[in-house]
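The values are calculated or read from the model by the stated rules, or taken from the named source; none is laboratory data. A quick note: this is a predicted structure, and the numbers were derived from the prediction, not measured. All Cβ positions, glycine included, derive from the backbone under ideal geometry; neighbour counts span all protein chains shown.
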Amino acid sequence: MNHSIKYFGLNNIALEHDLRRVSRERKVQLRASTERRNKDAYYPQITERIRHDAAVMAEHYELFYCLEISIRDLITAQLKDADPNWWETLVPQAVREMAEKNKAKELASGVTPRSDDMLSYTNFGDLGQIISSNAKLFGDTFTDIQAVNNTIARLNTLRAPIAHCSMLAEDEVTRLKLSLRDWFRLME
């Protein structure tokens, strides 16, 4: 009985996800969720077109968010295994300095610090630099470090419109999906 309830819940989650996807793709509103009604009440000046575009881009943002966090986790795990003081000993000085500046700037603005982890203050491109400078440590993880650099550079280019609220062209959506495949293929 307990499994039946769990499967029922999972099926409903999957169905709701598919309905939201169809709604975005077909540009139709199937139902007004509580969240949507709250946004409508709070943001009446924002057009439906902008909201639709935001919903489309949210999918790409979510994908990139997951990728970037997983790369950070991979770097942390790999380098921590090699040296408990990995941030000081294995991360290039220029990357550490930029992360310190980013953290200081954020703290000076008065916002809540995003993390205690200095790797969180690096830019996406810095992650490739960290991997490259530790190529021997990542040799068992990746099939080709130069391909990792190329893939991260391509992903970094695709990241810009996602992070800066611009729509991705259809070709770039395809390129994003292919680049993600490339990334995971490099770890096979």
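Scanning the range 171-188 for residues that are in a helix (DSSP H, G or I), touching a helix residue (DSSP H, G or I) at 6+ places or on another chain (Cβ under 8 Å) and of a type outside the set (Lys, Arg) yields a count of 7. Tell me the residue from 140, 116, 182, 81 that is at pLDDT below 95 and farther than 26 Å from residue 61 by Cβ, please. The unique qualifying residue is 140.
For the range 53-154, the helices (runs of 4 or more DSSP H) that sit wholly inside it and include 1 or more residues that are touching a residue at least 24 places away in the same chain (Cβ under 8 Å) and within 30 Å of residue 167 (Cα to Cα) are 93-108, 124-133.
All conditions but one from (1) touching a Gly at 6+ places or on another chain (Cβ under 7 Å); (2) more than 19 Å from residue 74 (Cβ to Cβ); (3) of a type in the set (A, V, I, L, M, F, W, C) apply to residue 148; the one that does not is (2).
Is it the case, given these coordinates, that residue 91 is at pLDDT 95 or above and surrounded by 14 or more Cβ atoms within 10 Å (Cβ to Cβ)? Taking the combined requirement at face value, the residue satisfies it. Among the residues of the range 98-148, the ones that are basic (Lys, Arg) and closer than 16 Å to residue 69 by Cβ come to 1 in all.
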